[in-house]
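See structure below.
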Amino acid sequence: MNFEFKGNKFQIETLNTLNLKETYEFCENNSDDLSLSYEVFKGATIESLFFHPELSLIVRDTNKQIICFFMLVFRPSYVPKRKVGVLKFFVVEKRLRKQGLGTEIYKFLIRKIKLMPEKDIWMKLEVMSSQPDYLFPGLNPKLTSALLFLRNLGFKKYNERINLIVDLKKLKSDKPPEKKGNVKISRATIADKEKLMDLAFMPIRYQLISWSEEILLSYQNKPRSTFVAKLHDDKIIGFATHSVGFPGSFGPIGIMKKYRNNDLGKTLLNWCIWDLKRKDIDSMIIRWIDENVLSFYSKTLGAKISNIFWALKTRI
Ligand SMILES: CC(C)(COP(=O)(O)OP(=O)(O)OC[C@H]1O[C@@H](n2cnc3c(N)ncnc32)[C@H](O)[C@@H]1OP(=O)(O)O)[C@@H](O)C(=O)NCCC(=O)NCCS
């Protein structure tokens, strides 16, 4: 497919296994202050649950060099049967910035969405936060040129989200206890899946967000990266999940209200840390935390704020 910009004809192709490595290298060389491993890039693109090849655009110049990569996905909306568009990658070659190329590619993508047969697309576009399958909960505003580019396209900030970081090297590697009073802690089993997915032991607001799907994604990890707290009759009263999105990420975690403040949250966290340390992972990123649990993570793990993200959206 050809794409005309300022009188030049550029070639457009979609992302696939053959051009993935080259696209990854292009992104690494042209993203300011942001770096991913190849495996994480692959997981966030062609291996992602929401990967839509038609909405991944690679632009090549006349020398066949990649000069631009944009990728859009749809995530489920909290409004049933709707979807929200999310701009997950948008990278223009450093030397070609501020010439309108990114804006043209963005408009090209929007035209593509509008021609799509799906009737259930919520006409809202967000940036980065493609939960349950996401890398970042919004845009890091330190990426100033990216922020200005998005503002120019009409994106507006509507919220802030916090990630924390924990230095795992400073924490003990001991295996945590398998029992806490009369509560058993273990890795989630296949039999636990359904009960975990409906999250009936948690207040309803947690059932309405993407936690169930995030837990489900942890079942794809080997071994499964969710731990559960159960009573003697196998009733689940809490869980903690890690490494959804990328190895070393943490969340969600939840304890049934009645059983909070009994060190169960702390014990489940320690199981996740033990699991990560066995994989030689040095730091843990607790993603998208509620401000009111900052002291829980700070007290139990010495967690510190690593980044603040801006939630951005626009209507299309
Ligand atoms: C956050 C949560 C998992 C903590 O689980 P918990 O089993 O109650 O926590 P613990 O008993 O292990 O607490 C360990 C320590 O943290 C403290 N703590 C727990 N929750 C806290 C909170 N919300 N604010 C401040 N301190 C808190 C406890 O007092 C305890 O401190 P201590 O050792 O000095 O007594 C639980 O409150 C919960 O399920 N909340 C709702 C879901 C949620 O918000 N998840 C996090 C999303 S990012």
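Give me the percent of accessible area attributable to carbon and sulfur for the stretch 44-171, probe 1.4 angstrom. Numbers along the way, then the final one.
Values: 3320 of 6020 Å².
The C+S portion of the solvent-accessible surface of the stretch 44-171 is 55 percent.
Go through 114/313; 175/257; 184/266; 175/230 and tell me which ones have a Cα-Cα distance over 23 Å in this structure. Numbers along the way, then the final one.
Numbers: 114/313 17 Å; 175/257 26 Å; 184/266 14 Å; 175/230 18 Å.
Over 23 Å Cα-Cα: 175/257.
Between residue 231 and residue 282, what is the label-to-label distance in nm when each label sits 7 Å out along the Cα-to-Cβ direction?
Those two pseudo-labels are separated by 4.4 nm.
Roughly how big is the chain's charge dipole about its Cα centre, with Cβ charges of +1 (Lys, Arg) and -1 (Asp, Glu), in debye to the nearest 20?
680 debye
Taking the alpha carbon gyration tensor of the chain, what are the square roots of 5 times its eigenvalues, largest first, to the nearest whole Å?
Details: eigenvalues 300, 81, 61 Å².
Each semi-axis is √(5λ); the values are 39, 20, 18 Å.
Tell me the per residue accessible area of the stretch 13-148 using a 1.4 Å probe; a whole number in Å² is fine. The partial results should precede the final answer.
Numbers: 6300 Å² over 136 residues.
Averaged over the residues of the stretch 13-148, the accessible area is 46 Å².
With every protein chain present, what accessible area does residue 52 have (1.4 Å probe, heavy atoms only), rounded to the nearest 10 Å²?
Surface open to solvent at residue 52 totals about 50 Å².
Given the options 186, 150, 241, identify the residue whose Cα lies farthest towards the positive end of the charge dipole of the chain (+1 on Cβ of Lys, Arg; -1 on Cβ of Asp, Glu).
Value computed over the given set: 150.
Over the stretch 9-168, what is the relative contact order in whole percent, taking alpha-carbon pairs under 8 Å and six or more residues apart? Numbers along the way, then the final one.
Values: 206 pairs, mean separation 30.4, N = 160.
Worked out over the stretch 9-168, it gives 19 percent.
What is the chain's relative contact order, in percent, from Cα pairs under 8 angstrom and six or more apart in sequence?
On the way: 543 pairs, mean separation 61.4, N = 316.
Reported relative contact order: 19 percent.
Rounded to the nearest 500, what is the chain's calculated 222 nm mean residue ellipticity when only DSSP H runs of at least 4 contribute -39500 (n - 2.57) each, over all residues? If you can, show how the numbers build up before the last one.
Working: 9 runs with 84 residues, N = 316.
Calculated from helices alone, the mean residue ellipticity at 222 nm is -7500 deg cm²/dmol.
Could you compute the FRET efficiency for residue 305 and residue 208, with r as their C-beta to C-beta distance and R0 at 25 Å, rounded to 0.05? Kindly include the intermediate steps, with their values, before the conclusion.
On the way: r = 26 Å, r/R0 = 1.06.
The formula returns an efficiency of 0.40 here.
Enumerate the amide H contacts of residue 67 below 5 Å, restricted to partners 5 or more residues apart or on another chain; note that Pro and chain-start residues carry no placed amide H.
Hits under the 5 Å cutoff: 59, 60, 61.
Over all pairs of distinct alpha carbons, what does the Kirkwood formula give as the hydrodynamic radius of the stretch 166-308, in Å? Mind showing how you got there, number by number?
On the way: mean 1/r = 0.0658 Å⁻¹.
Result for the stretch 166-308 stands at 15.2 Å.
Any of 42/124; 157/222; 42/193 with alpha carbons more than 29 Å apart? Name them for me.
With Cα atoms farther than 29 Å apart: 157/222.
Might you tell me the accessible area per residue for the stretch 166-308, computed with a 1.4 Å probe and given in Å²? If you can, show how the numbers build up before the last one.
Values: 7510 Å² over 143 residues.
Spelled out: the 1.4 Å probe surface of the stretch 166-308, per residue, equals 52 Å².
From the Cα trace of the stretch 2-127, what convex hull volume per residue do you get, rounded to a whole Å³?
Each residue corresponds to 118 Å³ of Cα convex hull volume.
Rounding to the nearest 10 and keeping the result within 0 to 90°, find how far the Cα-based axis of helix 20-30 lies from the longest principal axis of the chain.
Between the helix axis and the principal axis of the chain, the angle is about 80 degrees.
The values are calculated or read from the model by the stated rules, or taken from the named source; none is laboratory data. Keep in mind it's a predicted model, so treat the numbers as computed, not measured. Here Cβ is always computed from backbone atoms with ideal geometry, including for glycine, and neighbour counts include all displayed protein chains. Remember, those area values only see protein heavy atoms, side chains included, never the ligands or the DNA or RNA. Shrake-Rupley method; radii C 1.70, N 1.55, O 1.52, S 1.80 Å.
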